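Taking it in order: structure first as C-alpha cells, then the write-up.
Throughout, read-outs are computed from the coordinates displayed, never taken from laboratory work. Because the structure is predicted, anything quoted here is derived from the model rather than measured. With ideal geometry, Cβ positions are generated from the backbone for all residues, glycine too; neighbour counts draw on all protein chains shown.
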Amino acid sequence: MKMKRCLYLFLANLFVLIAQGQELKIIEKTKINWDDYAERVYLDKTEKTFKKSYKRLKSIDIFKIKYLSDGLKIEAFAAIPKKEKDYPVIVFNRGGNRDFNALSLFGNRKMKGISAIMYFSYLASKGYVVVGCNYRGCGNSEGKDEFGGKDVNDVIALLDVVEELPNTDTNRIGMFGWSRGGMMAYRALTKTKKIKTAVIGGAVSNSFKSIIARPEMETRVLAELVPNYYKNKEVELTKRSAVKWVDQFPTNVPIFLMHGSADWNVRANQSLELALEFQKYKIPYRLKIYEGGNHGISQFGKEKFKDIIAWFDKYLKNDAPIPNTALINPFENRKN
C-alpha cells in the first residue's frame with residue numbers, strides 16, 4: 001500500500017511538472033538496497049539489523065541520482081526520511097576540487113571523500129531532505145571541473161531536482177556549503193531566489209587573498225581548472241570573490257558564516273572581511289569564529305553541528321522573520 005502511495009505521489013509530481021512545461025532534470029534515480037552492502041552495514045544479515053554507525057538508515061532512504069545540467073550527466077546523492085510528509089530541504093555543496101573531497105556512498109579515505117550515508121543521514125535524521133552533487137568533472141559526473149565557473153550551474157540545477165523528489169517542501173530550501181562549496185553557495189545566492197537561508201563554513205570569499213596566502217591554489221588548482229585563467233585572471237578571480245559583489249546578494253536571505261580561527265586552508269579573515277561588507281549592504285548574517293578551530297572546525301564537532309541544525313530549524317522549520325539590519329538608536333523614542 002505504501003509503495004503504491006509513493007508511486008502515486010511521484011507520478012502526480014511528474015504530471016504537474018510536465019503540465020507546467022518544465023524540463024525534467026532527473027534521468028536516473030536508484031534507491032540503495034542495503035542487502036547489496038550487507039557485510040558493511042548489517043550487524044546481523046539475517047535479521048537485517050544495522051550496525052550502530054548505520055542505525056539512522058532504518059528511517060532514511062538513500063538514493064543515487066543522475067541529472068542533467070547544461071546537457072551533462074551529473075552525479076548526486078539524496079537522503080530522504082521514510083515517514084511521508086513534506087520536509088524542508090538542505091542542498092549540500094561539497095568542498096575540494098576534482099575528486100578530492102568527492103561524495104560517495106561510504107567515502108574515499110585516500111581522497112578525504114565525504115560519505116553521503118554518514119553525512120547526509122545525520123542531517124536527514126533531524127527532519128530534512130538532503131541532496132548534494134559531485135560537480136562536473138568530479139566523481140562520476142561528466143564534464144570538466146571549473147572550480148566555481150560553469151559548474152555553479154550544477155548547483156542551480158539541483159534546485160530543480162529537488163522538485164522531482166518525494167517528501168520535499170520546495171518553498172523551504174536552504175543551502176549548506178563548506179570551503180569551495182561555500183564559494184559555490186555565494187554564487188548561487190546571486191543567481192536564484194529559491195534559497196531561503198544558507199550556512200557557509202570555512203569558505204573562500206576573496207580569491208585574490210587566497211592565492212597570496214597559498215600560491216599553490218593558483219598554480220595547481222585555478223590555473224589547471226579555470227579556462228584561460230592567466231589571460232582573464234582579474235575577471236576569474238573576481239567571479240570567485242564574493243566580497244567583490246556583495247551588492248548582488250539578496251537582502252532577505254539570512255546567512256550564517258562559520259570559520260575556525262586557526263584555519264590554514266582558508267584564512268578566517270576572509271569571513272571577517274565578508275561580514276563587514278554584509279554589514280555595509282545590510283545583508284542579514286551571523287558570524288561565528290571558533291577559537292582554535294581548523295578548516296573543518298573538527299575540534300568543535302558537536303557544537304558545530306548543533307549550530308548548523310539550530311540555524312536551519314530557525315529559518316526553514318520555524319520560518320523565523322528576517323533579522324533587523326537597520327541601526328537601532330536607543331535614544332530615538334525616549335521622551336524628554
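Once both axes come from the Cα atoms, what is the angle between helix 301-312 and the longest principal axis of the chain, in degrees from 0 to 90, rounded to 10?
The angle comes out at about 90 degrees.
Considering only DSSP beta bridges where both residues belong to the chain, give the percentage that are antiparallel (nearest 5).
Bridges in the chain are about 45 percent antiparallel.
Looking only at D36, D151, D70, which one moves most when the chain is put into a Gaussian network model with springs between Cα atoms under 10 Å?
D36
Taking only the alpha carbons of the range 105-156, what extent do you get along each of the three principal axes, in Å, biggest first?
That works out to 33, 28, 15 Å along the principal axes.
For Y42, list long-range residues whose amide hydrogen, built 1.01 Å from N in the peptide plane, is under 5 Å from its own amide hydrogen.
Correct list: K51.
Between N153, N171, N324, where does the largest GNM mean-square fluctuation fall for the chain, given springs only between Cα atoms within less than 10 Å?
N324
How much length, in nm to one decimal, is gained on full extension between Q299 and E332, taken as 0.36 nm per residue of separation minus their Cα-Cα distance?
Full extension from Q299 to E332 adds 7.5 nm.
In a solvent-free Debye calculation with one equal scatterer on each Cα, what is log10 I(q)/I(0) for the range 101-241 at q = 0.15, 0.19 Å⁻¹, listed in the order of the q values?
Once normalised to I(0) and log-transformed, intensities are -0.81, -1.26.
May I ask you to derive the FRET efficiency for Q279 and N140 from their Cβ-Cβ distance with R0 = 56 Å, giving the value to the nearest 0.05?
Using R0 = 56 Å, I get an efficiency of 0.85.
To test your reading of the geometry: what angle, between 0 and 90 degrees and rounded to tens, separates the Cα axis of helix 180-189 from the longest principal axis of the chain?
80
Taking neighbour Cβ counts within 10 Å as the exposure measure, how do H295, H259 sort from fewest upward?
The fewest-first ordering by Cβ neighbours comes to H295, H259.
From a point 7 Å beyond the Cα of T192 in the direction of its Cβ, which residues of the range 238-259 have a backbone N at a distance under 18 Å?
249-256
Which residue, chosen from L72, A326, Y87, occupies the Cα position most advanced towards the positive end of the dipole of the chain, where the dipole is computed from +1 (Lys, Arg) and -1 (Asp, Glu) charges on Cβ about the Cα centre?
Y87
Given contacts defined as C-alpha pairs under 8 Å and at least six residues apart, what's the relative contact order of the chain, whole-number percent?
RCO, the chain: 13 percent.
When F100, F106, F300 are ordered from fewest to most other Cβ atoms inside 10 Å of their Cβ, what list results?
Ascending number of Cβ neighbours within 10 Å: F106, F100, F300.
If each residue's Cβ is checked for other Cβ atoms within 10 Å, how do R109, R40, R267, R94 rank with the fewest at the top?
The most exposed by this proxy come first: R109, R40, R267, R94.
Between Q248 and L272, how many nm apart are label points set 7 Å from Cα along the C-beta direction?
Result for the modelled spin labels: 2.7 nm.
How long is the gain from K306 to E47 if the chain were fully straight, where each residue apart is worth 0.36 nm and the alpha carbon distance is subtracted?
Values: separation 259, 0.36 × 259 = 93.24 nm, distance 3.31 nm.
Gain in length upon complete extension: 89.9 nm.
Residue by residue, what Karplus-based ³J(HN,Hα) values in Hz, rounded to whole numbers, does the range 313-322 have, using 6.51, -1.76 and 1.60 with θ = phi - 60° and x for Gly and Pro?
Along the range 313-322, the couplings run 4, 5, 9, 9, 6, 9, 6, 5, x, 5 Hz.
Give the angle, between 0 and 90 degrees and rounded to the nearest 10, that separates the Cα long axis of helix 152-163 from the longest principal axis of the Cα atoms of the chain.
50
The list (1) 20.1; (2) 21.7; (3) 20.9 gives values of Kirkwood radius over Cα pairs in Å, and only one came from this structure; which label was calculated from it?
(3)
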